[in-house]
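Shown next, in structure tokens, is the structure this report addresses.
The values are calculated or read from the model by the stated rules, or taken from the named source; none is laboratory data. Since this is a predicted model, take the numbers as computed values, not measurements. FYI the Cβ positions are ideal-geometry reconstructions off the backbone, even for glycines, and counts take in every protein chain you see.
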Ligand code: PLP
């Protein structure tokens, strides 16, 4: 009997070791990590340079409390992160995960408003669906009822606008009018709430697990930026999943050349080697908050040297191995192969994403985009069938916040053509198995 518990009683084999894009359980069975865990192991498993950097740091020190010491590792990672960030965003605050990173962005935004004498600004608008984290503050801006419902009475009621689900609304994603249509909902919401009360808008530039790699329509991101500027609302990009290179650019928002006021990143930033995340903010925002007496926030493990040494080595490997370019090339290959699966399986309703942040969803009818019957339990069944065949994919029981099933296919950024072939072969076989048992 295990003394450990997570969300549910799901029993999985014991992990023995992992290398590159593969993982082995203790029975010797091999799995292709087709989702990089939870879109985390971006540079693959057991990268020797990262392990060496961690060992070297461990020989020196594994912890130095930030109020007692500065460390070379945290200074170096902060400098590197700032160098990779858009111009003006040069201040870096370390945390140990995505939810902590999101909490930090909200608190920094609030303290900045106080510093400007705008104490009435406290509302953070977000999208439905969205995922920004599991802690109560991050959950309040998360638009994903299955995660937030039990805690509703305890959560601050933060306003939400619909995410741009053009594919479900029958709108053309390449048409700027579509982007403006959804972005203008933000302006309406700001006006409804009272602009003087709105602090920030938080958005995943390329959606993660809640939307299934939702890509914004043309014109959306820049219009959002304009609207935020018009009303003095801070723009926060949640790049916890999309940051770090997976989309084919270091920041997901680079695809639309939009610069936010504050960004957060985690997941691939520590690459699965250590729990690590960061908030990167405009220098003047941070300076204003520090001038007012300091940022009233922080976590014990923030900036610990072991995590930062690992994070720095991850970024170095991303650069040295040209992984962002590879994510772009292999992402295009994987996406077209997933699209080809749509010919074989009429119950694949949509394939979308950027680079190696890709998703597909299952429907009972592609024209109406009606979901599969709930009792088929597709989101869990297909994952299990793929798992049996040695392929790991990631799923959620939702389609753009509605009933349905979507799946993320996001292998490490080091995947090559053979790996893509293997993913498609395993997935094709699992879909075949699923079609057989579901009678599709
Ligand atoms: N923000 C986004 C976009 C995410 O995808 C996630 C996790 O999936 C989080 C925040 C929360 O991160 P964590 O699970 O590390 O707390």
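Listing for the model above:
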quantity: Residue within the stretch 225-235 that is modelled with pLDDT of 95 or more and within 16 Å of the ligand (Cβ to nearest atom) present; calculated: yes
quantity: Pair list, Cβ < 6 Å and 6+ apart or interchain, from the stretch 428-439 residues that are touching a residue at least 40 places away in the same chain (Cβ under 8 Å) and not assigned by TED's automatic domain parsing to the domain that holds residue 335 to residues that are part of a helix (DSSP H, G or I) and surrounded by fewer than 16 Cβ atoms within 10 Å (Cβ to Cβ); calculated: none
quantity: Subset tally (residues that are buried (at least 20 other Cβ atoms within 10 Å of the Cβ), touching a helix residue (DSSP H, G or I) at 6+ places or on another chain (Cβ under 7 Å) and within 21 Å of residue 371 (Cα to Cα)) for the stretch 129-181; calculated: 2
quantity: Those residues of the stretch 290-318 which are loosely packed, with under 14 Cβ neighbours inside 10 Å and assigned to a helix (DSSP H, G or I), in sequence order; calculated: 290, 291
quantity: Given (1) surrounded by 24 or more Cβ atoms within 10 Å (Cβ to Cβ); (2) away from the ligand (no atom under 12 Å from the Cβ); (3) not in a helix (DSSP H, G or I), index of the condition residue 199 fails; calculated: (1)
quantity: Checklist (1) within 17 Å of residue 160 (Cα to Cα); (2) part of a helix (DSSP H, G or I) applied to residue 177, failing item; calculated: (1)
quantity: Top-ranked residue in the stretch 389-403 [being in a loop (DSSP other than H, G, I, E, B) and at pLDDT below 95; ranked as surrounded by the most Cβ atoms within 10 Å (Cβ to Cβ)]; calculated: 400
quantity: Hits in the stretch 100-148 - residues which are in a loop (DSSP other than H, G, I, E, B) and more than 12 Å from the ligand (Cβ to nearest atom); calculated: 116, 117, 118, 119, 120, 121, 122
quantity: Lone qualifier among 212, 208, 245 - being assigned to a loop (DSSP other than H, G, I, E, B), surrounded by 24 or more Cβ atoms within 10 Å (Cβ to Cβ) and touching a strand residue (DSSP E or B) at 6+ places or on another chain (Cβ under 6 Å); calculated: 212
quantity: The stretch 404-440, subset at pLDDT below 95 and in contact with a helix residue (DSSP H, G or I) (Cβ under 7 Å, 6 or more places away or on another chain), residue surrounded by the most Cβ atoms within 10 Å (Cβ to Cβ); calculated: 405
quantity: Within the stretch 274-287, considering residues that are surrounded by fewer than 24 Cβ atoms within 10 Å (Cβ to Cβ) and not in a strand (DSSP E or B), the one nearest to the ligand (Cβ to nearest atom); calculated: 275
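So that you can scan it fast, the table gives a plain yes or no per residue for (1) assigned to a helix (DSSP H, G or I); (2) over 25 Å from the mean Cα position of the chain (by Cα):
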residue	(1), (2)
383	yes, no
387	yes, no
412	no, no
418	yes, yes
422	yes, no
427	yes, no
430	yes, yes
